[in-house]
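Presented below is the structure to which this report refers.
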Amino acid sequence: MSTPPFCLTEMEPSREPTFGLLSSKDFVPEKYVRELSQSCVGGPELRRLRKRIQTLSEETSSNLKKNVYLNYMQFIDTAKEISNLESEMYQLSHLLSEQKSLLGALSTTSILGDETPVITELENKDKTKEQGDDNKQKLASILEKVEGCQELLAVPGRTYLYEGDLLEVDPVDNNTIKTVHAYLFTDGFMTTYRNTNSRGLMKYIYEIMYELGSLAVVNVREIGNNKHQFKLLIFPDTRVFQCTTSSNKKEWLDKFDQAKKARLTQEQQKRESIAEKSPSRSASIDSPYTNPFDELEEDTVTVHPEWFLEIPEELDVCIAQRHFEDALTFLQKSKDYIVQFVNTNGQPDHVIVDIQRKVEQRHNNLTEVLMKELEVNPDKSQQGGLRAARRAVRLLNHLGRSTQSCDLFLKLCSSILKTQCKRVKRECSTAMYVRHLSSVVFTNMCHMTEEFLRAFPSSSSCSSAYVVWASNELSLFTTHFIKQVFMPQTSLSTLTECVVLVRSQCERLCSFGVDLCYQLDGALRTPLTQTLKDTRDKSIEMAKVRASEDKWIPMNLRSKTALAKFLQEYSDLGLKLDNYVTGDTWIQLTNNTIVFTKLFLMLLNDCLRLQTTELLHTINDVLYDVFEAQIRHVEASLRNEKQNEQRQFIAKNAEFLLTTLEGLCQKKYVEVNGFECMLLRKLQKEYSALTKGVSPTSRTRKTQYSSEFL
């Protein structure tokens with residue numbers, strides 16, 4: 001039999017040959033498994049081979065993760081370089097498109113001068129006036145059809161070129177998104193969608209207006225189902241539209257080209273007019289032609305600084321390169337300049353209006369990019385935590401979007417808190433699980449509160465939103481806590497420890513001015529009340545069982561060591577039982593009395609640790625009912641004629657319960673509440689006759705656990 005390419009003896013000394021075999025191009029899994037099954041005897045060897053291959057797979061995966069962590073910064077730098085390269089290519093495409101249009105405009109320029117007849121100029125003026133009137137009528141009709149585009153006439157010189165229905169498709173999977181009705185103007189491209197609730201002339205609803213200089217039109221090749229489509233590149237998005245026919249597509253592309261040329265020609269004319277009318281280029285005295293009959297027009301043209309004219313392009317670059325602080329500086333600088341210009345000149349000119357509109361669009365783009373930084377989605381890593389969100393929150397606050405940033409910040413906090421809680425596994429006792437979970441929840445909430453106060457130091461609306469968020473998160477936690485802890489098999493001592501842990505953790509928020517302890521106590525009030533009542537019922541049932549087995553004989557500990565340990569144990573509970581010791585190992589109390597004393601003190605301690613103002617009435621009733629059940633057993637024994645010989649011993653046990661135990665309970669109760677438990681004091685008065693071996697003749701209170709009901 002031929003030796004297989006991989007076996008245990010070959011794999012132990014070195015794993016590199018195995019890795020090379022499994023990663024080779026000619027590796028066939030079926031052939032490899034077949035050879036292994038032929039060479040290995042029995043299932044144990046195959047299981048060892050499978051375990052070894054699985055170990056190799058896990059080590060390979062671990063090495064890949066380590067390489068990712070080691071090269072994490074390189075990945076980030078590469079992504080930034082790709083983003084910068086994309087921005088540069090986008091700008092280069094714009095420059096080439098503008099250069100192409102400029103060359104086309106220059107090729108059609110006449111070189112014959114301005115020697116055209118006067119009548120032709122008049123005809124051109126009349127024709128231009130007619131075209132202007134038609135354009136105004138067309139824009140007015142668009143205003144009547146489209147809802148929400150009232151600013152369509154606000155831009156001077158805007159001319160209507162073309163319109164039509166287009167089908168928008170997804171640029172990735174080519175699925176249909178919606179049908180739009182688009183309008184093309186000399187300075188922009190507007191999209192609208194059909195108004196389904198239209199009852200009048202408003203057939204469409206305004207969607208968005210793209211500046212013509214900020215988009216590039218790309219013809220899409222017709223491959224497969226991609227027919228009659230063209231693409232609009234609007235940084236940072238891409239939209240693909242499908243025309244009805246190829247001729248319709250050609251007409252749209254021609255109109256876009258015409259609009260680009262008209263825009264370049266208009267900008268060139270503006271630059272030439274500004275250059276001619278500027279003081280640095282005043283008219284020469286050697287001008288060959290001067291008309292003395294022309295009116296002297298004092299047309300002063302304001303020359304804006306170059307940095308202000310380039311503000312939109314600078315903002316695009318800053319947003320593309322993620323230099324958000326620089327973009328914010330440019331926005332503030334342009335705003336200050338516009339305010340100063342308006343205060344000086346009284347009203348803005350067309351250049352100011354145009355730049356202001358472009359800057360507002362960049363302002364919205366910057367806001368959208370920053371809000372995406374704070375959005376929560378499954379594909380986004382939360383490795384940076386809240387520290388990574390500081391920059392976006394701070395910039396959004398400067399942009400006047402504190403409400404939106406607060407909402408996104410709190411959603412991010414909820415997502416992080418949910419992720420942290422999922423990492424806490426219940427693999428230990430209930431108290432340990434609650435300790436870990438409450439520590440994770442309230443430690444994160446304290447950290448989030450600190451970050452919130454840092455990000456929104458003085459905002460009443462944001463503070464209100466945070467209080468609502470914290471209340472909701474605490475409600476989610478208490479709901480989960482109740483489901484995990486308040487179960488029938490959970491003892492009252494364990495439950496008390498868990499509740500005390502959660503309360504102590506919740507009090508940590510008070511140092512930040514957020515007190516949610518009242519809400520926590522309110523949420524736990526109903527289940528705690530029910531738990532205390534269930535504990536009362538169980539304690540009374542246990543007292544009845546012990547009463548049926550009580551022989552009314554002293555307790556014998558059988559050794560001095562056991563006696564010393566017993567006395568020390570009850571001394572720690574606050575009871576001195578040395579006066580009840582007789583002989584070497586005898587205690588002048590019954591085993592039933594000793595057991596009840598210990599259980600009642602534990603019940604009292606748990607109740608006092610759980611004590612709140614709302615639970616105090618329930619706790620008093622529980623203590624009274626449990627104590628009374630034991631006292632009624634003593635009373636029934638005194639009335640029993642068969643136990644006349646033990647009457648003195650029974651009276652001594654009654655005295656211990658009503659004097660020693662009740663006094664210790666009152667002392668502990670006063671230390672916590674500052675006043676005595678009136679029900680326990682009333683119980684002592686009602687049954688004080690038992691200490692003298694006499695059954696009480698009258699009682700003023702009957703509970704459901706009195707003899708009539710038992």
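The values are calculated or read from the model by the stated rules, or taken from the named source; none is laboratory data. No experiment lies behind these values; they were computed from the predicted model shown. Cβ atoms come from the backbone with ideal geometry, glycine included; neighbour counts cover every protein chain shown. Surface areas here come from the heavy atoms of the whole protein model, side chains and all, with no ligands, DNA or RNA. Shrake-Rupley method; radii C 1.70, N 1.55, O 1.52, S 1.80 Å.
Between K335 and V467, what FRET efficiency follows from the Cβ-Cβ distance if R0 is 30 Å, with the result rounded to 0.05?
0.35
Max-minus-min Cα coordinates of the stretch 306-447 on each principal axis give 76, 26, 17 Å, with the largest extent listed first.
Provide H228, H350 ordered by accessible surface of protein heavy atoms (probe 1.4 Å), highest first.
From most accessible down to least: H350, H228.
Extension gain for the segment N556 to D534, taken as residue separation times 0.36 nm less the Cα-Cα distance, is 4.6 nm to one decimal.
Using a cutoff of 8 angstrom between alpha carbon atoms and counting only pairs six or more residues apart, the relative contact order for the stretch 149-215 works out to 24 percent.
Applying a DSSP loop filter and a limit of 14 other Cβ atoms within 10 Å to the GluC sites (Glu not before Pro) in the stretch 412-499 leaves E427. Mean sequence separation of contacting Cα pairs (under 8 Å, at least six apart), scaled by the length of the stretch 467-620, corresponds to a relative contact order of 26 percent.
Placing a pseudo-label 7 Å from each Cα along the Cα-to-Cβ vector at K411 and L70 gives an inter-label distance of 3.9 nm. A cut-off under 13 angstrom between Cβ atoms defines the neighbours of D407, and their net charge, with Lys, Arg +1 and Asp, Glu -1, is +1. Highest average first, the peptides 160-169, 553-562 ordered by how many other beta carbon atoms sit within 10 Å of their residues are 160-169, 553-562. Ranking of W586, W552 by solvent-accessible surface, largest first: W586, W552 (1.4 Å probe, protein heavy atoms only, all chains present). Counting only Cβ charges, +1 for Lys and Arg and -1 for Asp and Glu, the dipole size of the stretch 415-557 around its Cα centre is about 340 debye.
Based on Cα contacts under 8 Å between residues 6+ apart, the stretch 596-691 shows a relative contact order of 34 percent. Sorted on the mean count of surrounding Cβ atoms within 10 Å across their residues, most packed first, peptides 453-459, 261-267 read 261-267, 453-459.
The count of lysine pairs in the stretch 27-88 that are at least 8 places apart or cross chains, and whose C-alpha atoms lie under 24 Å apart, stands at 5. Accessible area per residue (1.4 Å probe, heavy atoms of protein chains only) ranks D515, D349 as D515, D349, with the largest value leading. Karplus-derived 3J(HN,Hα) values for the stretch 420-428, using 6.51 cos²θ - 1.76 cosθ + 1.60 with θ = phi - 60°, are 5, 5, 5, 6, 7, 9, 8, 10, 9 Hz; glycine and proline are entered as x. When the alpha carbon gyration tensor of the stretch 455-495 is reduced to an equivalent ellipsoid, the three semi-axes, largest first, read 35, 9, 6 Å.
Here the peptides 615-626, 172-183 are ranked by packing, the mean other Cβ count within 10 Å, and the order with the highest first is 615-626, 172-183. Using a simple spin-label model with pseudo-atoms 7 Å out from Cα toward Cβ, N345 and D26 lie 8.0 nm apart. Extent of the stretch 484-643 along its three principal axes (Cα atoms, max minus min coordinate, largest first): 62, 35, 25 Å. Label separation (R221 vs L85): 2.1 nm, computed from points 7 Å beyond Cα along the C-beta direction.
Radius of gyration (Cα atoms) of the stretch 565-676, expressed as a multiple of 2.2 N^0.38 Å: 1.16.
Taken over the C-alpha atoms, the stretch 470-546 has Rg and Dmax values of 14.8, 52 angstrom.
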